[in-house]
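The values are calculated or read from the model by the stated rules, or taken from the named source; none is laboratory data. These figures come from a predicted structure and were not determined experimentally. As a convention, Cβ positions derive from the backbone with ideal geometry for all residues, glycine included, and neighbour counts pool all protein chains shown.
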Amino acid sequence: MKDKKIAVIGAGPAGMTAAYELTKAGFDVTLYEASDKVGGLSKTIDLWNQKVDLGPHRFFSNDTKVNKLWLEVVGKDYRMVDRLTRIYYKKKFYYYPLKPFDALFKLGIGRAFLCVMSYFKEKIKPTKQDGSFEAWVTARFGSRLYSIFFKTYSEKLWGIPCTELDEDFAAQRIKKLSLFEAVKNALFSSKKNKHKTLVDQFAYPIGGTGMVYDKMKTFIEKNGGKVLCSTPVKKVDTGENGATSIELMSGEIIPFDHIISSMPITHLVRNLPNVPADVISAATDLKFRNTILVYLKVEGVDVFPDNWLYVHANDLQMGRITNFCNWVPEINQDEKSTIVVLEYWSYNEDAIWNNTDEELIALGKKELRATGLIKDLEISEGHIIKIPKCYPVYGKGYKEPLQKVETYLSTINNLSVIGRYGSFKYNNQDHSILMGLLAADNIINDQTHNLWEINTDYETYQETSTITASGLSVEE
Ligand SMILES: Cc1cc2nc3c(=O)[nH]c(=O)nc-3n(C[C@H](O)[C@H](O)[C@H](O)COP(=O)(O)OP(=O)(O)OC[C@H]3O[C@@H](n4cnc5c(N)ncnc54)[C@H](O)[C@@H]3O)c2cc1C
């Protein structure tokens, strides 16, 4: 069995984890990555003599399998980070998770009263559910809180009205979080069973989030596996018995016994042989949102205290600001400057996606200054990274075409489809790591985990755990 030749497409957390596990089990593994570095969206890059991620990357999981793997790879090279995040709205900074007295004070007594009234109105006469994000959130938090703390940010992120966004997005990301839980958490903070979005401490590698995947690469290569960067895959080929080979963009064709793909599901399906027209058409209905990252170098340290901020303000186009200096000291490397990154989201056809780097840096400088966060400190440098297909868009009814594509791909033997854009799931690192673990387990131990079922609201049925400063803490 160990002679089985396995190809893994994509060196993000999903692909790297699968390749790492299969190498550990003694398989003949080759991983193909289109870009020049491993880590995918979770890579860490060097910029102006510091280390930065592609936006904020907090790793958090309750799943013991995932946490054990993370610790096995990272070893002791991590620190616990005290999270500080705020929301910028109408020129004020609100703590997030919300602190009732802070929010009450900043909203003003009149607006806070209206929020509470609209919350109770929902308890008496809930908004009719029509499958949209707007109806889902309004019913749980009331229309006032929805419009202040959910609407503007979500519409910036997705680029469609919240009435057009599928309730799945809310159900998966803010599931079980209610106003009651948020208030209870703020008043009686307890570490046990805290909702994921409210967790206030997390483990972060001293070399940036991408250090995890750099270390996996070292392990794979030391143990006989291959990680080939700058080697994009054009297509997967199939025969009577399922997937047979991959073809690289260079034209080279290489046979394999099993192929694990984390490249965009739309690209995979479009290039497979003999795909029925309705499946191709379903894949075309799946849309992705792009991200533009505007990195700015601010001449000063201790500029503002947040790890990241959500920008709900309507008059600013950016959606989030990250300050890398506030994660772990090692990534700043004793520089006397601070790197921040601003996130802008767009579709291919939006004007901003086609703006020049100079235009985007000028926009970023103007918007960062408008928040008042950096006072009159100099911004000495700017750098742009554009990431296509960053977010799978859960537009209303997205499940129908996705189901069609899933059903078709499930009929192809020896092909495992995993990852964020690989399987069109709004994954964080932990979900992609779990997909990689289970895809490998299916091959190593002949298991039948349904990889399509892993998404942001999967339940951890076994014991749960969290990573603490001294290692794994298993919860009863
Ligand atoms: C701004 C931002 C903030 C985030 N914040 C967090 C956070 O706080 N916490 C968290 O846990 N997660 C966060 N995430 C999500 C996290 O980055 C992803 O969940 C994770 O990287 C997904 O891993 P993946 O392996 O599924 O896919 P990816 O990371 O997308 O990796 C896929 C890889 O496949 C490669 N590839 C694509 N096509 C081909 C091809 N044809 N041939 C070969 N290779 C190919 C790509 O180059 C890429 O390296 C964030 C993401 C973004 C964008």
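Kindly indicate whether any position in segment 38-50 is in contact with a strand residue (DSSP E or B) (Cβ under 7 Å, 6 or more places away or on another chain), within 23 Å of Thr322 (Cβ to Cβ) and among the basic types (Lys, Arg).
no
Can you name every residue in segment 408-423 that is more than 27 Å from Leu165 (Cβ to Cβ) and either near the ligand (Cβ under 8 Å from one of its atoms) or assigned to a loop (DSSP other than H, G, I, E, B) (or both)?
Those that are more than 27 Å from Leu165 (Cβ to Cβ) and either near the ligand (Cβ under 8 Å from one of its atoms) or assigned to a loop (DSSP other than H, G, I, E, B) (or both): Thr411, Ile412, Asn413, Asn414.
Just a yes or no: is a residue in segment 430-437 modelled with pLDDT of 95 or more, in contact with a Phe, Trp or Tyr (Cβ under 8 Å, 6 or more places away or on another chain), part of a loop (DSSP other than H, G, I, E, B) and crowded, with 17+ Cβ neighbours inside 10 Å?
Scanning segment 430-437, I find no residue that is modelled with pLDDT of 95 or more, in contact with a Phe, Trp or Tyr (Cβ under 8 Å, 6 or more places away or on another chain), part of a loop (DSSP other than H, G, I, E, B) and crowded, with 17+ Cβ neighbours inside 10 Å, so the answer is no.
Read through the list (1) farther than 20 Å from Ala243 by Cα; (2) of a type in the set (Phe, Trp, Tyr); (3) more than 16 Å from the ligand (Cβ to nearest atom), then give the number of the only condition that Tyr426 fails.
(3)
Quick check on my filter: what residues within segment 311-364 are modelled with pLDDT under 95 and within 21 Å of Cys390 (Cβ to Cβ)?
His312
Name the single residue, out of those in segment 282-310 being in a strand (DSSP E or B) and in contact with a helix residue (DSSP H, G or I) (Cβ under 7 Å, 6 or more places away or on another chain), that is farthest from Ile387 (Cα to Cα).
In the first step, residues of segment 282-310 are kept if they are in a strand (DSSP E or B); the result is 288-298, 308-310.
Remaining after also requiring in contact with a helix residue (DSSP H, G or I) (Cβ under 7 Å, 6 or more places away or on another chain): 289-290, 292, 294, 296, 310.
Values: Arg289: 9, Asn290: 6, Ile292: 6, Val294: 11, Leu296: 17, Tyr310: 19 Å.
Per the stated criteria, the residue is Tyr310.
Of all residues in segment 1-14, count the ones that are near the ligand (Cβ under 8 Å from one of its atoms) and either assigned to a loop (DSSP other than H, G, I, E, B) or surrounded by fewer than 16 Cβ atoms within 10 Å (Cβ to Cβ) (or both).
Looking only at that region, the number is 3.
From the list Ala14, Ala25, Ala7, Ala19, pick out the single residue that is among the aliphatic types (A, V, I, L, M) and under 16 Å from the mean Cα position of the chain (by Cα). Write out each step before concluding.
Numbers: Ala25 fails: under 16 Å from the mean Cα position of the chain (by Cα); Ala7 fails: under 16 Å from the mean Cα position of the chain (by Cα); Ala19 fails: under 16 Å from the mean Cα position of the chain (by Cα).
Of Ala14, Ala25, Ala7, Ala19, the one residue that is among the aliphatic types (A, V, I, L, M) and under 16 Å from the mean Cα position of the chain (by Cα) is Ala14.
For a quick check of your reading of the model, give me the residue pairs whose first member lies in segment 389-401 and is over 23 Å from Trp353 (Cβ atoms), whose second is within 16 Å of the ligand (Cβ to nearest atom), with beta-carbon atoms closer than 7 Å and at least 6 apart or on different chains.
Qualifying pairs under 7 Å: Pro401/Leu286.
From the list Thr468, Thr411, pick out the single residue that is hydroxyl-bearing (Ser, Thr, Tyr) and in contact (Cβ under 8 Å) with a residue 60 or more places away in the chain. Before you say what the answer is, go through the steps one by one.
Numbers: Thr411 fails: in contact (Cβ under 8 Å) with a residue 60 or more places away in the chain.
One residue alone meets the criteria, Thr468.
Enumerate the pairs (first residue in segment 91-119 and surrounded by 14 or more Cβ atoms within 10 Å (Cβ to Cβ); second residue anywhere and among the small types (Gly, Ala, Ser) and not in a helix (DSSP H, G or I)) with beta-carbon separation below 6 Å, excluding pairs fewer than 6 apart on the same chain, so at least 6 apart or on different chains.
From segment 91-119, the pairs are Ser118/Gly142; Tyr119/Gly142.
Determine the pairs where a residue that is closer than 17 Å to Leu41 by Cβ and in contact (Cβ under 8 Å) with a residue 40 or more places away in the chain, located within segment 1-21, has a partner that is near the ligand (Cβ under 6 Å from one of its atoms) and assigned to a strand (DSSP E or B) with Cβ atoms under 9 Å apart, the partner being 6 or more residues away or on another chain.
Val8/Tyr32; Ile9/Tyr32; Ile9/Val233; Gly10/Tyr32; Gly10/Val233; Ala11/Tyr32; Gly15/Ile9; Gly15/Tyr32
Quick one: in segment 31-72, which of the residues that are among the aromatic types (Phe, Trp, Tyr) and surrounded by 16 or more Cβ atoms within 10 Å (Cβ to Cβ) is farthest from Pro329 (Cα to Cα)?
The selected residue is Tyr32.
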